[in-house]
Amino acid sequence: MAESRREIVVAKNLGFKYSGAKKTAIQGIDLSIGVGEFILLTGPSGCGKTSLCRCLNGLIPNFYQGEWTGQLHVDGLDITTQPTSELSRKIGYVFQNPENQLFALTVEKDVAFGPENLGYSRDEIRKRVNEAMKITGTLALKELAPYELSGGQQQRVALAGVLAMKPSIIVLDEPTSFLDPHTAEDVMGAADDLRRELGLTIVVVEHRLDLVARYAERIIVMDGGRIVADGNLEEVLDEQFDTLEGLGVGVPRVSLLWSMLRRDGLLKGKVPTHVEDAASALSGMMTH
Amino acid sequence: MLVVAVLVPALLFASVWVMIILLLSQLPLLFIGRVARRWALSLRAGVFLSGLIFVVNFFTGSLFSAIALTLRFLVLLTTFSLFFMTTSPDDLGLALDRIGAVRWLSRKWLGYPNALSFTFTTAVRLVPTLAVDAQTVVDAQRSRGLELDKGNLFRRIRNYIPILIPLLLIAIRRSLELAEALESRGFPGKEGRTSLFQLKLKGPDYAVIAVSVVMIVVSVWVFLHYRVPVF
Amino acid sequence: MIRLERVSFRYPSGLLALHDIDLTIQGGDFLAIMGENGAGKTTLAKQLNGLLKPSEGRVTVDGEDTRKVSVAHLARKVGLVFQNPDHLLFSETVKDEVAFGLKNFGFTPEVVEKQVGRTLEALGLAEYADTSPFLLSGGERKRVALASILATEPDYLILDEPTIGQDYQQKERLRNFILQLYSQGKAVVMITHDVEFVAEANPKVILLSKGGIVGQGSAESVLSRDEMVNRASLVKPQMSRLFGSLARFGLPRDVVDVHRARLLLEEKLGGVKETVTTNS
């Protein structure tokens with residue numbers, strides 16, 4: 001099993017300090033991400049999640065200057081020697097604020113923006129744009145202006161724009177902060193579709209674990225610029241529940257409930273990560 | 001092109017009749033472009049200025065030259081309205097990008113041939129966003145008790161500091177975020193950047209260009225050979 | 001008391017953003033206005049301090065019609081904290097920022113200083129008094145914005161999306177702070193779509209959808225009902241979803257917060273355990 005796992009991200013002792021900053025933003029990061037994983041990256045404000053993501057797509061060190069230590073390879077490319085435009089073929093990035101990542105005056109032109117930059121032929125661009133809009137469910141919006149769309153639609157368009165570049169990994173940095181809960185779930189679902197249908201690797205940065213717990217099988221928790229927990233989401237929630245709570249990570253409410261009842265000695269077993277699991281476990285207990 | 005064609009006679013002649021003809025000739029275009037309503041709105045905004053032009057010229061010149069100059073202002077206003085209301089900034093950007101001189105300058109100044117035309121479209125796109133920001137900043141500061149129209153002139157100017165500083169910082173923040181997003185989408189790309197959409201000149205475009213050229217030539221010829229009376 | 005009587009509001013563009021809103025807010029109230037993006041939540045907030053005046057109907061603050069008095073006058077009573085602190089921070093130091101509102105209201109320098117000190121202390125910002133607000137993190141800037149409104153001691157505090165971008169710890173702190181305020185007799189109105197936050201803070205919920213009030217009541221009664229929650233593009237809190245599927249065991253459906261859930265289950269499971277032991 002371990003041999004068949006192909007790595008897409010490999011970081012060795014990665015560290016970065018923004019120029020002018022007093023503290024390092026991230027340090028001693030050792031990380032390996034396999035193709036097709038869905039990862040939830042979380043931690044309290046200022047823990048270094050966003051900085052780590054910026055490293056992944058080369059915004060650090062290409063756009064943000066500072067002191068870089070260690071090594072980072074994404075899909076075989078050494079981040080430090082590649083311009084961001086080259087890295088954009090491998091890794092897509094969806095930002096928090098949909099307003100500041102759509103450039104063109106129609107949805108279709110916006111989705112085409114990336115492939116245009118990469119200099120593909122017109123036919124190829126048209127093909128990519130259509131595919132990307134189809135998968136993200138934005139085809140019907142293609143003639144509209146980005147500002148005419150709802151927040152959720154804007155994030156789907158942003159996802160399409162990234163997808164049209166055919167990356168192998170997509171990072172979503174708090175993509176749902178500005179969205180209502182229903183729409184937020186919808187965007188997360190769209191990201192999950194990409195993983196299942198295209199085999200893409202997905203990294204989601206999010207404070208609200210309950211939103212992502214359904215899709216992510218792995219969680220990485222950061223604090224003070226370091227990775228403090230990394231592993232299977234269910235196992236980490238189960239074994240390191242107190243650590244997470246202590247860090248102020250917003251654990252799913254069902255997990256919290258379960259762990260409190262377990263502490264009371266009223267029930268046993270693994271902490272569930274989402275409502276359905278908890279419901280079936282509790283129903284099972286109560287029917288007996 | 002049509003813009004130039006209207007502007008040349010409008011600026012060369014100070015005749016009431018010429019202005020009226022020019023103005024009337026643009027009316028059908030306003031309706032074809034379905035912008036007549038918005039044109040009416042911009043005219044309304046221009047009423048004060050045209051009044052001013054009329055008054056100033058009436059006292060410095062004659063009644064007829066005042067009418068002619070006011071009409072000239074309206075012709076200019078209409079022409080530019082027509083142009084910007086019917087031409088999407090995207091198309092304008094694409095057109096700019098096709099002009100060799102623009103690409104050359106852009107490469108020289110900014111390092112990439114398409115950077116200048118992109119700057120143009122982005123600036124246009126950001127206007128509505130920043131307008132919303134400005135309104136929100138004003139609302140936020142008024143909620144903290146700021147009264148913009150309080151005090152003497154000096155005080156009033158100072159009142160705008162709490163508006164301008166956040167607005168400036170937001171604009172900077174936005175452009176930085178935009179820059180990050182641009183980098184992540186492979187901008188500016190290489191010399192061989194393609195564009196999905198291409199502007200093609202069609203039959204009507206050639207007709208407009210032809211008419212425009214004729215108008216310009218005739219105007220210049222008339223200007224050089226005859227004196228056109230004001231009225 | 002703030003009263004909205006049959007308030008409708010139409011933007012100049014023609015968009016009907018609010019229609020027929022009837023609402024009363026008084027001291028000691030804690031309200032959450034929830035609804036989908038574009039439901040009219042922020043438009044409603046702006047009606048409360050006169051930034052927007054109703055197109056139809058009437059808004060009165062302590063008896064004064066908002067059409068007849070200035071925003072600056074109303075701002076002394078109604079403090080509106082905007083969602084994004086970047087829209088209002090402009091001073092060189094946190095201290096000056098918090099003093100801004102007080103100075104606008106014409107307080108004496110001594111009062112200003114005292115109030116600034118007290119507010120910074122209360123919000124845990126005292127150590128940043130002389131720091132530039134722009135050097136602070138997003139969460140801290142949000143607190144400075146809140147402080148700058150609180151310093152003027154408004155009777156009604158309106159918070160627009162206070163939990164966006166905040167981590168769990170920051171939300172906990174905010175929740176405690178809000179609790180303190182309304183137990184002191186102030187009215188706190190919070191605009192939010194953070195269902196889990198509402199589930200734990202337990203305010204009265206006003207559900208807004210497409211510009212109209214479609215439901216109101218306790219967090220428990222509103223957030224545990226599918227038809228209401230779906231209408232406003234929300235999702236039910238986790239506890240409510242859990243208890244929805246446990247109802248057949250005689251547990252109530254309207255459970256939204258984890259502490260009540262714990263008590264109920266302790267009772268239930270404790271009971272189960274006892275029966276198990278007696279049977280064996």
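Of the strands (runs of 3 or more DSSP E) lying entirely inside the range A:174-239, those containing at least 1 residues that are touching a Cys at 6+ places or on another chain (Cβ under 7 Å) and on the phi < 0 side of the Ramachandran plot span A:201-205, A:218-223.
Checking the stated criteria, A:Lys22 turns out to be within 14 Å of another protein chain (Cβ to nearest Cβ), without any contact (Cβ under 8 Å) to a residue 12 or more places away in the chain and basic (Lys, Arg). Of all positions in the range C:202-216, none carries a residue that is in contact with an Asp or Glu (Cβ under 7 Å, 6 or more places away or on another chain) and closer than 19 Å to C:Leu74 by Cα.
Do you know which residues across the range C:194-228 are assigned to a strand (DSSP E or B) and surrounded by 23 or more Cβ atoms within 10 Å (Cβ to Cβ)?
C:Val205, C:Ile206, C:Leu207, C:Leu208, listed by residue number.
Can you tell me which residues in the range A:266-286 are within 9 Å of another protein chain (Cβ to nearest Cβ) and either more than 26 Å from C:Gln170 (Cβ to Cβ) or assigned to a helix (DSSP H, G or I) (or both)? Those that are within 9 Å of another protein chain (Cβ to nearest Cβ) and either more than 26 Å from C:Gln170 (Cβ to Cβ) or assigned to a helix (DSSP H, G or I) (or both): A:Leu266, A:Leu267, A:Val275, A:Glu276, A:Ala278, A:Ala279, A:Ser280, A:Leu282, A:Ser283, A:Met285, A:Met286.
Checked against the criteria, A:Ala158 counts as touching a Leu at 6+ places or on another chain (Cβ under 9 Å), small (Gly, Ala, Ser) and more than 7 Å from chain B (Cβ to nearest Cβ).
Scanning the range C:96-136 for residues that are within 14 Å of chain B (Cβ to nearest Cβ) and assigned to a loop (DSSP other than H, G, I, E, B) yields C:Phe105, C:Gly106, C:Phe107, C:Ser132, C:Leu136. Take A:Asp110 and decide whether it is more than 7 Å from chain B (Cβ to nearest Cβ), buried (at least 19 other Cβ atoms within 10 Å of the Cβ) and not in a loop (DSSP other than H, G, I, E, B). The answer is yes for A:Asp110. Among the residues of the range A:135-155, which ones are more than 14 Å from chain C (Cβ to nearest Cβ), outside any loop (DSSP other than H, G, I, E, B) and touching a residue at least 12 places away in the same chain (Cβ under 8 Å)? Passing the criteria: A:Ile135, A:Leu141, A:Pro146. On the stretch given as the range C:246-258, residues that are touching an Asp or Glu at 6+ places or on another chain (Cβ under 8 Å) and at the interface with chain A (Cβ under 9 Å from one of its Cβ atoms) total 2.
Only a single criterion out of (1) touching a residue at least 40 places away in the same chain (Cβ under 8 Å); (2) closer than 18 Å to A:Arg253 by Cα; (3) of a type outside the set (Gly, Ala, Ser); (4) touching a strand residue (DSSP E or B) at 6+ places or on another chain (Cβ under 6 Å) is not satisfied by C:Glu200, namely (4).
What number goes with the only condition from (1) of a type in the set (Ser, Thr, Tyr); (2) crowded, with 19+ Cβ neighbours inside 10 Å; (3) free of Cβ contacts under 8 Å to residues at least 40 places away in the same chain that C:Ser233 does not pass? Only one criterion is unmet by C:Ser233, namely (3). Within the range B:136-146, not a single residue is modelled with pLDDT under 90 and either at the interface with another protein chain (Cβ under 7 Å from one of its Cβ atoms) or part of a helix (DSSP H, G or I) (or both).
The values are calculated or read from the model by the stated rules, or taken from the named source; none is laboratory data. For clarity, every value in this text was computed on a predicted model and none was experimentally measured. Note: ideal-geometry Cβ built from the backbone for every residue, glycine included; neighbour counts use all protein chains shown.
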